[in-house]
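Taking it in order: structure first as structure tokens, then the write-up.
The values are calculated or read from the model by the stated rules, or taken from the named source; none is laboratory data. Bear in mind the structure is a predicted one, so any value in this text is a computation, not a measurement. Please note: Cβ atoms are built from the backbone with ideal geometry, for glycine as well, and neighbour counts cover all protein chains shown. With ligands, DNA and RNA removed, areas are computed over all heavy atoms of the protein, side chains included. Shrake-Rupley method; radii C 1.70, N 1.55, O 1.52, S 1.80 Å.
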Amino acid sequence: HTCVVALSNGVGRVWCWGKGAAGQLGHGQTPDLSSRPVILPAVAGGGYVEVVSGAVTSCARTTGGQVYCWGSDNNGAVGNGGAQSGIYNTPQQVQGLPLPAVSITSGAFHNCAMLTDGSVYCWGSGGEGQLGNNSRQNSASAVPVHDPF
């Protein structure tokens with residue numbers, strides 16, 4: 001699947017297309033696929049300014065610095081503090097981010113955000129240490145990356 005941020009009536013909106021069976025298109029349905037872009041619902045926190053996609057999860061950042069994710073929540077990749085399983089086909093606000101985000105990135109089954117103070121928080125699959133928090137555990141909410149300095 002693919003997602004982009006595009007201006008719609010002066011507000012950044014997210015459009016996604018491609019495979020959607022795991023909810024990764026984020027528009028409230030779970031079609032097997034969509035060969036044309038579908039728009040995500042608006043969320044609190046302003047328009048979207050950035051979107052990233054992993055294997056079966058996508059995340060977007062709003063103008064207010066909130067981060068929302070949708071798709072497969074296996075290993076907690078949606079970050080909403082839930083049960084680390086299931087499908088979320090609409091944007092879910094990431095839990096555990098203490099400050100607004102200034103950028104986001106996505107791995108295959110985990111996601112990360114850099115906050116206004118320069119700290120980095122990650123959530124999702126951590127079995128290979130990819131959350132950077134000196135653990136190999138998954139996390140369904142954002143956890144701070146260990147600062148080695």
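Looking only at residues in segment 129-149 that are within 18 Å of Thr57 (Cα to Cα) and either open to solvent by 70 Å² or more (accessible area, probe 1.4 Å) or hydroxyl-bearing (Ser, Thr, Tyr) (or both), which one is farthest from the chain's Cα centre (by Cα)?
Here the residue is Ser139.
Report every pair of residues separated by at least 6 positions or lying on different chains whose Cβ atoms are under 9 Å apart, first residue within segment 18-45 and under 24 Å from Thr63 (Cα atoms), second surrounded by 15 or more Cβ atoms within 10 Å (Cβ to Cβ) and of a type in the set (Asp, Glu).
Gly23/Asp73
Yes/no matrix, rows are residues, columns are (1) in contact with a strand residue (DSSP E or B) (Cβ under 8 Å, 6 or more places away or on another chain); (2) of a type in the set (Val, Ile, Thr); (3) at pLDDT 95 or above:
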| site | (1), (2), (3) |
| --- | --- |
| Pro31 | no, no, no |
| Pro41 | yes, no, no |
| Gly45 | yes, no, no |
| Val67 | yes, yes, yes |
| Pro91 | yes, no, yes |
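Which residues, taken from segment 50-97, are outside any loop (DSSP other than H, G, I, E, B), charged (D, E, K, R) and buried (at least 20 other Cβ atoms within 10 Å of the Cβ)?
Answer for segment 50-97, where residues must be outside any loop (DSSP other than H, G, I, E, B), charged (D, E, K, R) and buried (at least 20 other Cβ atoms within 10 Å of the Cβ): just Arg61.
What is the residue count in segment 1-30 for residues that are within 21 Å of Ile87 (Cα to Cα) and surrounded by fewer than 13 Cβ atoms within 10 Å (Cβ to Cβ)?
1
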